[in-house]
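Read through the structure below, which is laid out as structure tokens, and then see the notes.
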Amino acid sequence: MFTVMLFMIAGLCLGLALRKKRLPRISAVVTLLVWVLLFLLGVEVGGNPRVVGSLGSLGVEALVLAAAGAFGCAVLCKILFRNMQK
């Protein structure tokens with residue numbers, strides 16, 4: 001955890017130091033790195049037999065959480081919309 005925090009702080013400091021410089025390809029580099037991280041995450045999950053063995057129950061839990069989150073957002077948006085009209 002300390003290593004993760006150290007990398008985040010280092011990235012923050014580097015970003016502050018370079019914020020006035022034009023970095024035209026930084027968006028493409030960030031996109032590429034995100035894709036690489038997602039690929040490596042997939043490799044890690046696919047190589048873990050416990051995760052692969054419980055994909056069925058994890059999928060059901062994820063579906064329930066997603067549906068509950070969407071329903072809660074819809075209800076709260078409706079309440080907010082009603083209160084904003086008054």
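Side notes on the structure shown:
- In this structure, CYS13 and LEU40 have a Cβ-Cβ separation that, at R0 = 41 Å, corresponds to a calculated FRET efficiency of about 0.95.
- Entry comment: accessible area of the chain is 96 Å² per residue, from protein heavy atoms only and a probe of 1.4 Å.
- Here the Kirkwood formula puts the hydrodynamic radius of the stretch 29-84 at 14.3 Å, using every distinct Cα pair.
- The chain, accessible surface, carbon-and-sulfur percent (1.4 angstrom probe): 76
- In nm, spacing of pseudo-spin labels at MET1 and SER27 (7 Å Cα→C-beta vector): 3.6
The values are calculated or read from the model by the stated rules, or taken from the named source; none is laboratory data. The structure displayed is predicted, hence computed values, not measured ones. With ideal geometry, Cβ positions are generated from the backbone for all residues, glycine too; neighbour counts draw on all protein chains shown. Side chains are part of the model used for accessible areas, which takes the heavy atoms of the whole protein and leaves out ligands, DNA and RNA. Shrake-Rupley method; radii C 1.70, N 1.55, O 1.52, S 1.80 Å.
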